[in-house]
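Below you'll find the structure, written out as structure tokens, and then a few comments.
Just so it is clear, none of the values below were taken in a lab; they were calculated from the coordinates. Keep in mind it's a predicted model, so treat the numbers as computed, not measured. Positions of Cβ are backbone-derived with ideal geometry, glycine not excepted, and every protein chain shown enters the neighbour counts.
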Amino acid sequence: MIVAITNQKGGVGKTTTAISLAAGFAQKGLDTLLVDLDPQANSTMSFVDLDRLDGNMFDVLRGTLPLAQVIVPAGLDHLWIAPSRIAMAKLEVSMVGELDAPYRLKDALERLEAGFDAIIIDTPPTLGLITVNALVAATHVLIPIQSSYFALEGTDDLLETIDKIKARPNTELQLLGVLVTMFDHRTILSKQVLKEIKGVFGRLVFKTVITKSVRLEEAPAHQRSIFEHAPRSSGAFEYYRLCEEVLQRVGSE
Ligand code: ATP
Ligand code: MG
């Protein structure tokens, strides 16, 4: 299972979902690799110090280092991370015109000898070459959508991109589901938006909804997953349930 967490809209909970799913799978004993493809490196910083790293996904996608050489332990049993760094921002420009550009991550993962039970890919808020690399390499895509005004704005472009990739480079790609994030039980708006998202995506919407939680915001600053930072919080409970729902959906295909 290789799951790309994607939405070109910024700040919708991609990174929070990527790090929490990865940590949740690891806690369940699955050997998990978190691949950070976002130049902002938020997933990376949530587990390791950037200045202690040698290689990163920039080198891998450029073809100068094998993936195996940049993977580091994330400080949690069963969890490893393939880190990003700011230099990734230059990557797309440097890859334009190279025919194999969309396949770099897929190739790197195929060459990896270590076997992982789950690979989670965090992507930047764009639909450029980096996100395309994630979608070409993935078996599944998970779309987080923030329950706020304009929640669905841009999803047409995202779905169109997924369809294009399914048509050719990656016919196996499955839309695993849509995750509603930052839900606020107290507001009518949140409820309206949830209804709207269900109206559009129907059964693709995960039963698990991630509510707003300060604990989820705090955890990365302590370089801990939500399960270590606040194991009894709603965020820990909900992301654990999401892990189970994801495993169920993947298992029932
Ligand atoms: P970007 O597009 O910039 O990569 P993103 O989609 O990865 O953003 P996150 O970084 O996960 O989004 O979340 C954006 C902000 O919202 C962060 O400060 C994060 O801590 C916070 N956040 C995410 N999920 C929740 C939640 N359920 N409750 C409260 N805050 C949240
Ligand atoms: Mg992010």
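Take the residues in segment 117-134 that are in contact (Cβ under 8 Å) with a residue 60 or more places away in the chain and either touching a Pro at 6+ places or on another chain (Cβ under 8 Å) or away from ligand 2 (no atom under 16 Å from the Cβ) (or both); name whichever of them is nearest to Glu92 (Cα to Cα).
Looking at the filtered set, the residue picked out is Ile130.
Please go through (1) within 26 Å of Phe58 (Cβ to Cβ); (2) in contact with a Gly (Cβ under 8 Å, 6 or more places away or on another chain) for Gln146 and return the number of the only condition it doesn't satisfy.
Condition not satisfied by Gln146: (1).
From (1) under 18 Å from Ala114 (Cβ atoms); (2) within 16 Å of ligand 1 (Cβ to nearest atom), pick out the condition that doesn't hold for Ser43.
Status for Ser43: all satisfied but (1).
Give the residue, chosen from Val3, Val60, Val96, that is buried (at least 24 other Cβ atoms within 10 Å of the Cβ) and within 16 Å of Leu129 (Cα to Cα).
Val60
Does Leu173 fit the bill of being closer than 30 Å to Lys106 by Cα, of a type outside the set (Gly, Ala, Ser) and either more than 16 Å from ligand 2 (Cβ to nearest atom) or surrounded by fewer than 21 Cβ atoms within 10 Å (Cβ to Cβ) (or both)?
yes
Tell me, please, whether a residue that is under 15 Å from Glu228 (Cα atoms) and more than 16 Å from ligand 2 (Cβ to nearest atom) can be found in segment 53-74.
Yes - at least one qualifying residue is present in segment 53-74.
Restricting attention to segment 108-125, report how many residues are within 26 Å of Arg249 (Cα to Cα) and over 18 Å from the mean Cα position of the chain (by Cα).
Within segment 108-125, residues that are within 26 Å of Arg249 (Cα to Cα) and over 18 Å from the mean Cα position of the chain (by Cα) number 4.
Quick one: which residue in Ala114, Ala151 is buried (at least 16 other Cβ atoms within 10 Å of the Cβ), among the aliphatic types (A, V, I, L, M) and away from ligand 2 (no atom under 16 Å from the Cβ)?
Result: Ala151 is the single residue among Ala114, Ala151 that is buried (at least 16 other Cβ atoms within 10 Å of the Cβ), among the aliphatic types (A, V, I, L, M) and away from ligand 2 (no atom under 16 Å from the Cβ).
Quick one: is Pro66 within 30 Å of Glu153 (Cα to Cα) and touching a Lys or Arg at 6+ places or on another chain (Cβ under 9 Å)?
It is false that Pro66 is within 30 Å of Glu153 (Cα to Cα) and touching a Lys or Arg at 6+ places or on another chain (Cβ under 9 Å).
Which members of segment 18-40 meet the condition of being closer than 18 Å to Ile130 by Cβ and either within 9 Å of ligand 2 (Cβ to nearest atom) or among the acidic types (Asp, Glu) (or both)?
Ala18, Asp36, Asp38, Gln40 - these are the residues of segment 18-40 that are closer than 18 Å to Ile130 by Cβ and either within 9 Å of ligand 2 (Cβ to nearest atom) or among the acidic types (Asp, Glu) (or both).
Would you mind finding the one in Leu216, Leu189 that is surrounded by fewer than 16 Cβ atoms within 10 Å (Cβ to Cβ) and either touching a Leu at 6+ places or on another chain (Cβ under 8 Å) or in a helix (DSSP H, G or I) (or both)?
Leu189
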